[in-house]
Amino acid sequence: MTIEETIRNEAKEIIESALKKIESEESYKDMDGNTLKSIFIGTCFNIMPSGKYYMPFACSNVEKCSKCDGKGEITNSNYAETVECPVCHGIGSEEAYKDQVMQEALEDFADKYSAFVHNGEGDPCDMFVSIVVDEDEDMEME
């Protein structure tokens, strides 16, 4: 099994587990007036493969790829002068690539269930899965 498959399987388990519990959560209105149900799935520190939180203006906590030394490409012995690094896939950091795979997998699996993944408003390190609730349907349940 590839590292990408392993990460995607983990993301699928996280989303499926969250969605099994989300129905029992209280609904609330978000800032846009949508009625949602949300469940905390963890922090980026325990969900993301790197265990890190990235800031767009600071990347000193990201380790350079061991294969391409952070360049995102390697010398090609065939036709083109360089090719995309097979370890970091052009990002320059293997751990950042794995985090990207996890984020995309979480979003893809959530989307299959009409849910979405987002960070917390109070703490951007907190991660949640949410669903939009039909208000009429929610009121019938109460």
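Under 7 Å between Cβ atoms, which residue pairs at least 6 apart in sequence (or on different chains) link something in region 15-41 that is on the phi > 0 side of the Ramachandran plot with a partner that is exposed (fewer than 11 other Cβ atoms within 10 Å of the Cβ) and part of a strand (DSSP E or B)?
Note: no pairs meet the criteria.
Identify all residues within region 77-86 that are part of a strand (DSSP E or B) and of a type in the set (S, T, N, Q); write none if there are none.
Filtering region 77-86 down to residues part of a strand (DSSP E or B) leaves 82-84.
T82, the sole residue that qualifies.
Hey, can you tell me all the residues within region 53-92 that are touching a Lys or Arg at 6+ places or on another chain (Cβ under 6 Å) and surrounded by 14 or more Cβ atoms within 10 Å (Cβ to Cβ)? Steps first, answer last, please.
Within region 53-92, the subset touching a Lys or Arg at 6+ places or on another chain (Cβ under 6 Å) is 61, 70, 85, 87.
Once the filter is applied, which keeps residues that are touching a Lys or Arg at 6+ places or on another chain (Cβ under 6 Å) and surrounded by 14 or more Cβ atoms within 10 Å (Cβ to Cβ), region 53-92 yields G70, C85, V87.
Within region 10-62, how many residues are of a type in the set (D, E) and in a loop (DSSP other than H, G, I, E, B)?
Looking only at that region, the number is 5.
Does I74 fit the bill of being β-branched (V, I, T), at pLDDT below 95 and not in a loop (DSSP other than H, G, I, E, B)?
The answer is yes for I74.
Of the residues that sit in region 55-71 and are among the hydrophobic types (A, V, I, L, M, F, W, C) and at pLDDT 90 or above, which one is nearest to T6 (Cα to Cα)? Even if it seems obvious, please write down each step before you answer.
Kept after step one, since they are among the hydrophobic types (A, V, I, L, M, F, W, C), are these residues of region 55-71: 55, 57-59, 62, 65, 68.
With the extra rule that they be at pLDDT 90 or above, the set shrinks to 65, 68.
Details: C65: 20, C68: 23 Å.
Per the stated criteria, the residue is C65.
The values are calculated or read from the model by the stated rules, or taken from the named source; none is laboratory data. Quantities reported herein were computed from a predicted structural model and do not represent experimental measurements. Reconstructed Cβ throughout: ideal geometry from the backbone, glycine too, with neighbour counts over all protein chains shown.
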